[in-house]
Structure formats: structure tokens, C-alpha cells
Amino acid sequence: MAAETISPHPPGVPVVAPGEVITDEALDYLRSGAEHGVLIPVAADSSVRTLRVVARGAHTRG
């Protein structure tokens, strides 16, 4: 599950948003774009080799 927004530019539309399950298709699209010069400025790792994720089974106490 994503813990960050990942938006390639262009077009600037988020492909992954916090709380969404990250699919293989989304990763393939983002990594292919990064390899071909598409900017991914808001990702923690603009190469999209690593992603910020929510730990599986994590719970919030309130």
C-alpha cells in the first residue's frame, strides 16, 4: 500500500496515491517512464526503484 503520491510529469496526474495498492502495471508504467526521461519529482525516489509504503498489518491507535 502506497504511503506517497507518485505523479509523472507530463502529464502530472497521480498514478499512485497514499492508501492505494501498488499494482505491477503501475510500477511498470512508472519505471518505464523514468527510464525514458519522464520526470517524477514528488516521489521519494525519482527512479521509482524504491517506494514509500505502509507496513502490512500496521494499525493506528487512537
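The values are calculated or read from the model by the stated rules, or taken from the named source; none is laboratory data. Everything quoted here is computed from the prediction, not taken from an experiment. Cβ placement follows ideal geometry from the backbone for every residue including glycine, while neighbour counts extend to all protein chains displayed. All accessible areas refer to the heavy atoms of the entire protein, side chains included, with ligands and DNA or RNA removed. Shrake-Rupley method; radii C 1.70, N 1.55, O 1.52, S 1.80 Å.
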Inset, instruction - Could you look through region 1-43, keep only residues that are acidic (Asp, Glu) and part of a helix (DSSP H, G or I), and pick out the one that is surrounded by the fewest Cβ atoms within 10 Å (Cβ to Cβ)? - result: Asp24
Inset, instruction - Six or more apart or on different chains, Cβ under 6 Å: which pairs go from a residue in region 18-46 that's closer than 14 Å to Ala3 by Cα and of a type outside the set (Gly, Ala, Ser) to one that's open to solvent by 100 Å² or more (accessible area, probe 1.4 Å) and at pLDDT below 95? Could you list them? - result: Val21/Met1
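Here's the yes/no breakdown for (1) among the aliphatic types (A, V, I, L, M); (2) touching a strand residue (DSSP E or B) at 6+ places or on another chain (Cβ under 7 Å):
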residue: Pro10; (1), (2): no, no
residue: Pro14; (1), (2): no, yes
residue: Thr23; (1), (2): no, no
residue: Leu30; (1), (2): yes, yes
residue: Gly33; (1), (2): no, no
residue: His36; (1), (2): no, no
residue: Pro41; (1), (2): no, yes
residue: Thr50; (1), (2): no, no
Legend entry - Output for region 1-51, where each listed residue is aliphatic (A, V, I, L, M) and in contact with a Lys or Arg (Cβ under 6 Å, 6 or more places away or on another chain): Ala3, Ala44, Val48
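If I go through region 44-55 residue by residue, how many of them are open to solvent by less than 60 Å² (accessible area, probe 1.4 Å) and aliphatic (A, V, I, L, M)? Can you show your working first?
Step one: of region 44-55, the residues open to solvent by less than 60 Å² (accessible area, probe 1.4 Å) are 45, 47-48, 51.
Filter once more, so that each one left must be aliphatic (A, V, I, L, M): 48, 51.
Matching residues across region 44-55 total 2.
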